[in-house]
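The values are calculated or read from the model by the stated rules, or taken from the named source; none is laboratory data. In this text the structure is predicted, and so the values were computed from the model without any measurement. For neighbour counting, all protein chains shown are included, and Cβ atoms are generated from backbone atoms with ideal geometry for every residue, glycine included. Side chains are part of the model used for accessible areas, which takes the heavy atoms of the whole protein and leaves out ligands, DNA and RNA. Shrake-Rupley method; radii C 1.70, N 1.55, O 1.52, S 1.80 Å.
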Amino acid sequence: MKLQFTLFNFFQKLLFLFFCFFGIGESTTAQEDYKLWLQYYPIENVNLVNTYTSQIKGITAFGESQTIQIAQKELQLGLQSMLSSRINIEKNSDSKGLIVIGSISNLDDNLKQQLASQITSINNEGYIISSTSNNKKLLVITAKTDIGVLYGVYHFLRMIQTNQSIDNLAIIDSPKINVRVLNHWDNLNGSVERGYAGASLWNWQKLPDFIDQRYIDYARANASIGINGTVLNNVNANALILTPLYLEKVKALADAFRPYGIKVYLTARFSAPIEIGKLKTADPYDPAVQQWWKDKASEIYKQIPDFGGFLVKANSEGQPGPQNYGRNHVDGANMLADALAPFGGIVMWRAFVYSEHDADDRAKQAYSEFVPYDGKFRDNVILQVKNGAIDFQPREPFHPMFGAMPKTPLMMEFQITQEYLGFSTHLVYLPKLYQEVLEADTYSKGKGSTVAKIIEGSLDQHKLTGIAGVANIGNDLNWTGHPFAQANWYGFGRLAWNPSLDSETIANEWLRMTFSNNPNFVSPVLKMMLDSREAVVNYMTPLGLHHIMDTGHHYGPGPWVSDLSRPEWNPVYYHKADNNGIGFDRSSTGSNATAQYAPEVAKQYNNVATCPEINLLWFHHLPWDYKLKNGETLWNGLALKYQEGVNQVTTMQTTWEKMKSYVDENRFKEVQMLLHIQQKEAKWWRDACLLYFQQFSGKELPKGVEKPVHSLEYFKSLKFPFAPGNN
Ligand code: BDP
């Protein structure tokens, strides 16, 4: 038995080398890091390999499109690599044990008939994976469109990658959200705003003639998780992207991405008609301005017939917008929507607004500004709303706009890049955060009115639905800076496809696909990932604290910062620590932000006794000796949370140290070094914040909390003029 096994292994390796040598497994020679979750590791369990190989003899593809060719090649590559045996491409579907792929219209009549009833239940991007059983056993992956077939192929490969059974399959799946986009905050000079994984992927200088293989690999990775759009440039937009010089380059990218089902979108700078159009104004009421945008749209669609549309940041943080001309967001968004409508394009209009001229609580401003416009936007406008009302904090209660604008489609904006969560140095598994928001109940139409249902359009019957993730991708060899940050890109895509997926399921599959199926590896590392989000909350902003990061770059703690021109840019604005206590009173005795939620939610948040402790200081200013549910005083509880965060990172390190034998040396070391930095920085956060808050509480650190080794002055003196991502 042992000999047999070794021989088998040897044979397996030999075949594997053979494939690599002849280029069939070309990407297997690349760095592990680069291959993301598409590693296609040879399956070690011989029985499993035998079961699979007895069921899979070859592939037959129907259809001629590039997408079908990609699907066929991917299936062959993945299966050959995982099963360490050759998978042939067959011309017809007569023999047994074939995987048949192709859109339904291209299948033979017999299969068409068999699948007729199932096909009606999927949408244009959905797919069916079905074992058929009319004398010859086939496995069919079909869809209404070729891109649906490609998604189905990735689903099937994922099943093999995670060692699932492929017996009697009857999978019917469709994405629940239509527009599933990455937002790249990439500048034309190659820098990335809030980017921590190197420079921009887009090499504007070499485009359009040079198509970097990386663009294809990017599209492939996105297609494998169902992402179907990309906004190429920063929301703080440069109008030059809309000039012919750049549009030609954008077209080249769109052409490269198209076979993978990915549409290109651009950010539109509202003042572009002035900056590149030589007009005197960008007033949306001005007919010349309206015409300029119409002409621009038709110029774009001539080159890119499936161009997705515009993403717009207007009258936000100094960006131009309709208010510069006394108009409002509806005027601005609808003008652009009218320009795009004839071509089927959409406007994703951002709701991230707050003004230095508005003295009201920043958390209330977007709601106050947008909710009165409910129902006033054109059909091809969707409002893009961040998950929380402030700004991508380690934890925020869900944004009160969700549920408050039933007549307007709202799309979710999550941040995948870790601007406020330790950059790409900290291991933080973000789908935990995403899930928390998606599951939050807005009560807008009674119990069960979750944020997920709102963005899926199912609660308010919207056809246009969307979700955006601010990308964490750069030209680092491993794409995302931290090997585990790949899981955040992956998890975003999976949740964009189906917002009801569980973050644990996603982490589990990601680990198996990216590293190993070995349970001795998967279960401890899974736990490490799942706990990592709460760890970062604990060592940065426990109990509802927020926005106390150092200014500008947001790297490290800066709760003392109080000298910036706009009050709401200062951390002291958010924590409001004083001798009486700490926290932002957003209850009815304070800013009354709680009133922006549905009555059931408002009531819960408003009352300190029912407000969840995870959001306590978000909604309430409380005395230092306020009693927490566990009996600790607020001061002690806060200090202990900071300590807990540090301890959690230590536990993560201990877990990882035991994983050496399951991981390639490169990634093992990378993660080891990064966790070491994370540990140092968690302590830095704990010590700096506690020393600062202690000035107000006047209390000793409780037992169990380590004494800081530096002074508050030392922490305040730390400066990071070249922290990344801060352009
Ligand atoms: C903040 C970032 C800033 C972005 C802004 C936005 O600090 O760089 O431009 O959000 O989303 O989180 O527009």
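How big is the charge dipole of region 489-558 about its Cα centre, in debye rounded to the nearest 20, if each Lys and Arg gets +1 on its Cβ and each Asp and Glu gets -1 on its Cβ?
For region 489-558, the charge dipole is close to 120 debye.
Check Gln384: other-chain or 5+ apart residues with amide H under 5 Å from its amide H, H built from backbone geometry?
Those lying under 5 Å, H to H, from Gln384 are Trp349, Arg350, Ala351, Met411.
Ranking request for peptides 395-403, 553-561: highest mean number of other beta-carbon atoms within 10 Å first, then the rest in descending order.
395-403, 553-561
Looking at region 46-173 only, what percent of DSSP beta bridges run antiparallel? Nearest 5 please.
Beta bridges within region 46-173, antiparallel portion: roughly 45 percent.
Please give, to one decimal in nm, the separation of the simple spin-label points placed at Asp212 and Ser121, each 7 Å out from Cα toward the Cβ.
Taking the simple label geometry, Asp212 and Ser121 are separated by 4.4 nm.
If you rank Lys35, Lys576 by how much accessible surface each has, with a 1.4 Å probe, what is the order from largest down?
Ranked from most to least accessible, the order is Lys576, Lys35.
Would you be so kind as to identify which of Leu169, Asn183, Ile216 lies farthest towards the positive end of the dipole of region 134-253, taking Lys and Arg as +1 and Asp and Glu as -1 on Cβ and the Cα centre as origin?
Leu169
Rank-order 370-379, 411-420, 470-479, 53-62 by packing density, defined as the average count of other C-beta atoms within 10 Å over each peptide's residues, highest first.
Averaged packing, sorted descending, gives the order 411-420, 470-479, 53-62, 370-379.
Name the residue from Ser103, Ser85, Asn238 whose Cα lies farthest towards the positive end of the charge dipole of the chain, charges +1 on Cβ of Lys and Arg and -1 on Cβ of Asp and Glu.
Ranked along the dipole, the leading option is Ser85.
On a C-alpha basis, how far is the centre of region 514-565 from the centre of region 36-63 in Å? Whole number, if you could?
Distance between centres, Cα-based: 38 Å.
Going by average Cβ neighbours within 10 Å, how do the peptides 314-322, 263-271 rank, with the highest at the top?
263-271, 314-322
Please work out the average accessible area per residue across the chain, using the 1.4 Å probe convention, and give it in Å².
On a per-residue basis, 38 Å².
State the antiparallel share, in %, of DSSP beta bridges confined to the chain, rounding to the nearest 5.
25
Determine the gain in length on full extension of the stretch Ser131-Val46; use 0.36 nm per residue of separation and subtract their C-alpha separation, reporting nm with one decimal.
Difference between extended and current length: 28.3 nm.
What whole-number distance in Å separates the alpha-carbon centres of region 578-603 and region 391-438?
One Cα centre to the other: 20 Å.
Explain nothing, just the number: dipole magnitude of region 371-518 about its Cα centre with +1 on each Lys and Arg Cβ and -1 on each Asp and Glu Cβ, in debye rounded to the nearest 20.
340
Which pairs break 31 Å Cα to Cα here: Lys73/Lys251; Lys206/Lys453; Lys364/Lys629; Lys658/Lys716; Lys407/Lys603?
Among Lys73/Lys251; Lys206/Lys453; Lys364/Lys629; Lys658/Lys716; Lys407/Lys603, the Cα-Cα distance tops 31 Å for Lys206/Lys453; Lys658/Lys716.
What is the distance in Å between the Cα centroid of region 215-234 and that of region 277-297?
Computed from Cα coordinates, the inter-centre distance equals 31 Å.
May I ask you to rank His710, His426 by accessible area, largest first, using a 1.4 Å probe over the protein chains only?
Ranking His710, His426 by accessible area, largest first, yields His710, His426.
Per 0.36 nm of contour for each residue apart, how much would the distance between His676 and Glu439 grow if the chain were fully extended, relative to their Cα-Cα spacing?
82.0 nm
Under a plain spin-label model, where a point goes 7 Å from the Cα along Cα-to-Cβ, how far apart in nm are Thr162 and Ala288?
According to this spin-label approximation, the distance is 5.8 nm.
Roughly how tilted is helix 503-514, in degrees to the nearest 10 and between 0 and 90, from the longest Cα axis of the chain?
Long axis of 503-514 versus the principal axis of the chain: about 50 degrees.
On the full set of protein chains, 1.4 Å probe, figure out the accessible area of Lys96 and give it in Å² to the nearest 10.
Here the accessible area works out near 140 Å².
So for the pair Lys112, Asp255, with labels modelled 7 Å out along Cα→Cβ, what separation do we get in nm?
3.4
If one takes the longest principal axis of the Cα atoms in the chain, at what angle in degrees, from 0 to 90 and to the nearest 10, does the Cα axis of helix 2-21 lie?
Helix 2-21 sits at roughly 80 degrees to that axis.
Answer rounded, prolate or oblate for the chain, using the Cα gyration tensor with square roots of eigenvalues a ≥ b ≥ c: rounded when a/c is under 1.5, else prolate when a/b is larger than b/c, else oblate.
Oblate is the answer for the chain, as a/c is 1.5 or above yet b/c matches or exceeds a/b.
Which one of Ile473, Ala639, Ile59 has its Cα pushed farthest toward the positive end of the charge dipole of the chain, where Lys and Arg give +1 and Asp and Glu give -1 at the Cβ?
Ile59
Tell me the carbon and sulfur percent of the accessible area for the chain, rounded to whole percent, probe radius 1.4 Å.
52
If you place +1 on the Cβ of every Lys and Arg, -1 on the Cβ of every Asp and Glu, and leave all else neutral, what size is the dipole of region 46-173 about its Cα centre, to the nearest 20 Debye?
Taking the Cα centre of region 46-173 as origin, the dipole is about 320 debye.
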